[in-house]
Amino acid sequence: MLQILRKKAQSPFIQIIVVIIALVFIFWGVGANLNGDRQSALVVNGETITFQEFQQAYDTAYQRLSDQFGGTVPKGLAETFGVKQQVIMQLVQTTLLRQGAEEMGLQVSAQEIRKIIEEMVQFQENGVFSIDRYKTVLAANRMAPTKFEDSMRFDRLSEVAAREISNFAGAVTNFEIEEIYRRQNEKIAVNYVQITPGQYVDKVTIDDTKLKAWFETVKDNYKSAPHIKLKYLAVTYDEVGRKVEIDTSKIEEYYRNNLETFQVPEQRHARHILLSAGEKDSAERHQAQAGKAAEVRKIALTGKDFSEVAKEYSEEPSKDSGGDLGFFSAGQMVPTFDQAVFAMQPGEISEVVKTQFGYHIIKLEEIQAAKTSPLAEAADEIKTILQRKEAENLAFQVANDAYEGIIGAGSLTKYAETHPDTPIAQTDFFTKSNAPAALKTDTQFLDKAFELNKGELSSLIKGQTGYAVLFAEDIKEPEIPAFESIKDTLVKDYQAAESKKFAETSAGELLKNLHDGKTLEAMAEKMGIAVLASGFITQSGQNDKTTFPSALLGDAFLLSASVPLPEKPGKVGDDFFVYTFVDRQTPALPDDSEEIAQYRQNLLRAKQQQLLSAWLRHQEMNAEITRHPSL
């Protein structure tokens, strides 16, 4: 329908309709349920979670993720981490916990809430709770004390419910402690060979007949990317904002009215090491990771550079920077992590801290005291904020006027002829990967561009940087290149593909021979490859001298003297590994070991988490949960 409207834009009747549709799309959003309750993001057993509450939770989660990557995560990239889905799950589970607490008759007293509020740094002056500051901060955020305290009570009820449910977890037995100790400290040794595609490159014979036949099976992999050639009009917030003059009095007024915004709370700089274990992981995984975290903490306490320990053992993206989380204030991290950091002193290394992400060892590097930025420092930031605010309104007016003019003129080209001062950009053919900077920095513009057909005019598009109107002058559809034009590339790719097949076949035949009674040493000698020894190695891969892949340790630990061979070769990347069991060491936990208490505590935590997760899954299955279509 929209395509028809755009192509027949010369009709006055159609022009009016398109403008109306454009306005509706901008203000309400395509696909919005106008008859529904736009304020209800989620409804859990009849209890409403508003879009404002969802947005606040999302902003907190996004900021936390952004801080971990140095504050540079685009909103689009954040969704590849599933941030929205995590926030939805968190809000639903928190609501179910609170509802469960009420069903169990749990309550949170006013005195308890008052104590929690008095300990919040946001409401303190010189380390002491200030009622005036409390009222000022809440007023600045347009929240009444009663509403805020109700919100705190709701949140606290969820925490109390989680604690009470977790307390039903069974006691940890000595047998369980011995079993987890054995699993974490057990070692095996294997002999193995590594078979790589590179060993078979010379065996690959190539002629045009084979190469052309293979190309027919994979030719879609060599398709060119779609190309588009555009004319477009972009009205960006930055461009409009630079033309907006802001009076000094407005800057001062904004500073006075938003003083709390420029009150920088105490900031703490920390590093961490994470041994990952999520809510969906098994109790065994939690036990193993908790034990490994305890071992890594011992290494960190020896005085070894904490950042180097993080690079070696941590299991999340910040490991590359030595576990550096930068500076953050209270409340920006998940509660248990946050509590641990703000109870530490610089240079201190924490006990193992469990969160929904796994088991952390934290080192506090530095503390920056709370402060209020003076007006002189905040003026440029305030000016930018006020310019952006004005620009968002003005940009729509400018862009919408231009769009109406384009529709009235019948085309972007004709509009440009009558409006020579309006900057109409024109591109050569480009792909998504080499788009012009103005389009590449705004994924909304870029995505909409590649949805257009040749000769089609877009609607007025609202992007992250402003508004745009796009016209597809020409399109080059993806093409399969001629065989001769990419023959050199095809030769290399065919050679690599066939080499992998040879390596896989060779590894399979070798393992079959071992199952038939041949020895690894004899077969390796026949094949002209070396037999390697792993040495004794733990399930966590602790053995600095071994080159045996850690990815194969899970399968290797299933081997024994009675079952010395795996069912199939191991594969890591393009290489194949054939290995055979040599020996196993199974240590016993000393009765007087200082680790027993730590193991007992970690196992109990894992049981509690498992019980709480099971309770939440049961509640979710039996709950009536609806979510707005836009989520």
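The values are calculated or read from the model by the stated rules, or taken from the named source; none is laboratory data. Note that the structure is a prediction, hence the values are computed from the model and not measured. When we count neighbours, we look across all protein chains shown, and the Cβ atoms used for this are built from the backbone with ideal geometry, even at glycine.
Laid out as a table, the results:
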| read-out | value |
| --- | --- |
| Tally, over the stretch 586-631, of residues that are touching a residue at least 40 places away in the same chain (Cβ under 8 Å), among the aliphatic types (A, V, I, L, M) and farther than 20 Å from GLY100 by Cβ | 7 |
| Any hit, the stretch 353-361, residues being among the polar types (S, T, N, Q) and more than 24 Å from the chain's Cα centre (by Cα) | no |
| Residues (without any contact (Cβ under 8 Å) to a residue 60 or more places away in the chain and surrounded by fewer than 17 Cβ atoms within 10 Å (Cβ to Cβ)) located in the stretch 288-320 | LYS298, ILE299, LEU301, THR302, GLY303, LYS304, ASP305, GLU308, LYS311, GLU312, GLU315, ASP320 |
| When residues of the stretch 193-215 are limited to those that are hydroxyl-bearing (Ser, Thr, Tyr) and more than 37 Å from the chain's Cα centre (by Cα), the one farthest from SER506 (Cα to Cα) | THR209 |
| Close pairs (6 angstrom Cβ cut-off, 6 or more residues apart or separate chains): closer than 20 Å to ARG133 by Cα in the stretch 99-119, surrounded by 14 or more Cβ atoms within 10 Å (Cβ to Cβ) anywhere | ILE113/GLU149; ILE113/MET152; ILE113/ARG153; GLU118/PHE129 |
| Residue that is part of a helix (DSSP H, G or I) and either within 30 Å of PHE430 (Cα to Cα) or not assigned by TED's automatic domain parsing to the domain that holds SER411 (or both), where the choices are ALA522, ALA472, ALA482 | ALA522 |
| Test: residue in the stretch 129-151 that is part of a loop (DSSP other than H, G, I, E, B) and farther than 23 Å from GLU53 by Cα | yes |
| Within the stretch 422-454, tally of residues that are part of a loop (DSSP other than H, G, I, E, B) and either touching a residue at least 12 places away in the same chain (Cβ under 8 Å) or farther than 18 Å from TYR403 by Cβ (or both) | 15 |
| Counted residues, the stretch 167-207 - those being among the acidic types (Asp, Glu), more than 30 Å from ASP575 (Cβ to Cβ) and without any contact (Cβ under 8 Å) to a residue 24 or more places away in the chain | 1 |
| Single unsatisfied condition, LYS243 versus (1) closer than 30 Å to TYR467 by Cβ; (2) buried (at least 22 other Cβ atoms within 10 Å of the Cβ) | (2) |
| Qualifying positions in the stretch 266-315 - over 18 Å from SER350 (Cα atoms) and of a type in the set (Lys, Arg) | LYS280, ARG285 |
